[in-house]
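Only one structure is covered here, and it is reproduced in the block below.
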Amino acid sequence: MRKVYPKCNTHIDCFANKDGYCIALKLEGFSEEGCVFFKTKQDAEIARDKSFRRLVEIGREDLIEKYGGRKTHEHQKI
Ligand code: SF4
């Protein structure tokens, strides 16, 4: 697990924001108002469900297993 995360103090309601740090991106500079990766936790969960269902539909459960299944960033211990 990575130990250094970019700061993000502008989108504390983002799914990837953990105590003012972005746990999704590796690079700094996305935290300005227009971060293209911003999603609320609810939006992220909806997108995750949609991806999960699509992978099951096309028989790619191997990818679900490979990338951690339904585990979310919130479930990961940082
Ligand atoms: S994805 Fe963008 S808005 Fe969300 S925490 Fe990371 S830098 Fe901030």
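Bear in mind that the values in this text are calculations on the coordinates, not laboratory data. Keep in mind it's a predicted model, so treat the numbers as computed, not measured. A quick note on method: Cβ atoms are made from the backbone with ideal geometry, for glycine too, and the neighbour counts reach across all protein chains shown.
Counting other Cβ atoms within 10 Å, which trypsin sites (Lys or Arg not before Pro) in segment 1-63 have at most 15 and lie in a DSSP loop?
Working: sites: 2, 3, 7, 18, 26, 39, 41, 48, 50, 53, 54, 60; in loops: 2, 3, 26, 39, 60.
For trypsin sites (Lys or Arg not before Pro) across segment 1-63 that sit outside H, G, I, E and B with at most 15 neighbouring Cβ atoms in 10 Å, the list reads 2, 3, 26, 60.
Show the residues, 5+ positions off or on another chain, whose built amide H is closer than 5 Å to the amide H of residue 18.
Answer set, sorted by chain and number: 23.
How high is the relative contact order of segment 1-48, in percent, with contacts defined as C-alpha pairs under 8 Å that are six or more residues apart? Please list the in-between numbers first.
Details: 53 pairs, mean separation 18.0, N = 48.
The normalised contact order for segment 1-48 reaches 37 percent.
Express in nm, to one decimal, how much length is gained between residue 57 and residue 42 on full extension, taking 0.36 nm for each residue of separation and deducting their alpha carbon distance.
3.2 nm
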